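**Q** First the structure, then my questions, so here it is.
The values are calculated or read from the model by the stated rules, or taken from the named source; none is laboratory data. What you see is a predicted model; the values in this text were computed from it and never measured. Cβ placement follows ideal geometry from the backbone for every residue including glycine, while neighbour counts extend to all protein chains displayed. For accessibility, only protein heavy atoms count, side chains too; no ligands or nucleic acids. Shrake-Rupley method; radii C 1.70, N 1.55, O 1.52, S 1.80 Å.
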Amino acid sequence: GNATDFGDLTQARWYSASCSNGTDDRSVTGGGDIGAPTYYTDIMDYVTISSAGNATDFGDLNASIKTGNSAFSNGTDDRGVFGAGWTPSTYSDMIAYITITSTGNTTDFGDLTVTRRSSQGVSNDTEGRGVFAGGTNSSGSQVNTMDYITIGSTGNATDFGDLTAAKNFSAANGAGSGSDQRGLFFGGNDGSVIDVIQYITINSTGNATDFGNLLAAVAGIASCSNA
């Protein structure tokens, strides 16, 4: 059915990222582009997912991942992670984290293997692995790199494998436990807008595999799943 009005963010913006703590019912949206003259914001907002209403200020992102970032969480284990992104002069390899049930600013987690923006993040929920995929590097080229981290600890990311094509501005979701471990990436831009869907097995490493196609070629979209 059609979407229903939920409420408003504390600041109008686009190009942000969000994560939640699953059945613990809080979602946090961080960063974004607010338009001229400031453009980039480090604000994070939160809502209670099961009740409608306006968002509340949560804290601030690290300045280098203000916009074009990506995010995921380890579900009810309560850690949200934001990574990559940019400001007007800097592309970022930073990863930062929050405790979702608390409020406050992000804390440094480590670094990605590739500096980039416009990537996508996916995790296997309480199994605790998160993957950053694709994006645009500082020379303006799309990348096919996938990195992974263990969400409950801190440290630099490790290479996971490659997307089927270098791309940015895609959408991602996934979850799982045990052998039910699939992450999906939808659409994006690899020099032109594409309709490709591809998947990974999150608790393994390796390259992405073709899943199928969207009904239309699209980029700059977002997605969610029912875990």
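**Q** Test Ser73 against the criterion of being among the small types (Gly, Ala, Ser) and within 24 Å of Gly176 (Cβ to Cβ), and give yes or no. Give the steps one after another, and end with the answer.
**A** Numbers: among the small types (Gly, Ala, Ser): yes; within 24 Å of Gly176 (Cβ to Cβ): yes.
Taking the combined requirement at face value, the residue satisfies it.
**Q** Another question about this same structure. Restricting attention to strands (runs of 3 or more DSSP E) lying wholly within region 162-217, give those where 1 or more residues are over 28 Å from Thr76 (Cβ atoms).
**A** Details: elements: 171-175, 182-189, 193-201, 209-213.
Answer list for region 162-217: 182-189, 193-201, 209-213.
**Q** Can you name the residue in region 106-120 that is at pLDDT below 95 and surrounded by 22 or more Cβ atoms within 10 Å (Cβ to Cβ) and is also farthest from Ser27 (Cα to Cα) among such residues?
**A** Taking the candidates together, the pick is Arg116.
**Q** Which number in (1) aliphatic (A, V, I, L, M); (2) out of contact with any Asp or Glu (no Cβ under 7 Å at 6 or more places or on another chain); (3) buried (at least 22 other Cβ atoms within 10 Å of the Cβ) marks the one condition that Leu184 misses?
**A** Evaluating Leu184 over (1) aliphatic (A, V, I, L, M); (2) out of contact with any Asp or Glu (no Cβ under 7 Å at 6 or more places or on another chain); (3) buried (at least 22 other Cβ atoms within 10 Å of the Cβ) leaves (3) as the failure.
**Q** Can I ask one more? Given the residues Ser170, Ser179, Ser192, which is the only one that is within 24 Å of Phe109 (Cβ to Cβ), out of contact with any Pro (no Cβ under 8 Å at 6 or more places or on another chain) and polar (S, T, N, Q)?
**A** Matching residue, one of Ser170, Ser179, Ser192: Ser170.
**Q** Next question, about the same structure. Out of all the residues in region 14-29, is one or more closer than 18 Å to Phe109 by Cβ, assigned to a loop (DSSP other than H, G, I, E, B) and either touching a residue at least 40 places away in the same chain (Cβ under 8 Å) or open to solvent by 40 Å² or more (accessible area, probe 1.4 Å) (or both)?
**A** Yes; the residues of region 14-29 include at least one that is closer than 18 Å to Phe109 by Cβ, assigned to a loop (DSSP other than H, G, I, E, B) and either touching a residue at least 40 places away in the same chain (Cβ under 8 Å) or open to solvent by 40 Å² or more (accessible area, probe 1.4 Å) (or both).
**Q** Let me ask something else about it. Looking only at region 213-227, count every residue that is within 21 Å of Thr67 (Cβ to Cβ) and polar (S, T, N, Q) and tell me the total.
**A** Residues meeting the conditions: 1.
**Q** Still on this structure: Can you name the condition, by its number, that Pro37 falls short on among (1) open to solvent by less than 60 Å² (accessible area, probe 1.4 Å); (2) at pLDDT below 95?
**A** (1)
**Q** Would you please name the residue that is surrounded by the most Cβ atoms within 10 Å (Cβ to Cβ), looking only at residues in region 187-227 that are touching a Phe, Trp or Tyr at 6+ places or on another chain (Cβ under 6 Å) and within 23 Å of Ser141 (Cβ to Cβ)?
**A** Filtering region 187-227 for residues that are touching a Phe, Trp or Tyr at 6+ places or on another chain (Cβ under 6 Å) and within 23 Å of Ser141 (Cβ to Cβ), the one surrounded by the most Cβ atoms within 10 Å (Cβ to Cβ) comes out as Gly188.
**Q** Checking the condition more than 17 Å from Ala71 (Cα to Cα), at pLDDT below 85, over 17 Å from the mean Cα position of the chain (by Cα) and not β-branched (Val, Ile, Thr), which residue from Asp210, Asp195, Asp180, Asp190 passes?
**A** Asp180
**Q** Go through region 38-145 and tell me which strands (runs of 3 or more DSSP E), entirely inside it, have 2 or more residues that are of a type in the set (Phe, Trp, Tyr) and in contact with a Lys or Arg (Cβ under 6 Å, 6 or more places away or on another chain).
**A** So the answer is 39-48.
**Q** Kindly indicate which of Thr56, Thr154, Thr103, Thr150 is at pLDDT 95 or above, under 16 Å from the mean Cα position of the chain (by Cα) and open to solvent by 50 Å² or more (accessible area, probe 1.4 Å).
**A** None of the other options fit; the residue is Thr150.
**Q** Another one. Restricting to region 63-99, name every residue that is at negative phi, at pLDDT 90 or above, more than 15 Å from the chain's Cα centre (by Cα) and not aromatic (Phe, Trp, Tyr). Please lay out each step first, then the result.
**A** Going through region 63-99, the residues at negative phi turn out to be 63-67, 69-74, 76-77, 79-83, 86-99.
Imposing the further condition that a residue be at pLDDT 90 or above reduces the set to 69-74, 76-77, 79-83, 91-99.
Cutting the leftovers down to more than 15 Å from the chain's Cα centre (by Cα) gives us 76-77, 91, 99.
Passing the criteria: Thr76, Asp77, Thr99.
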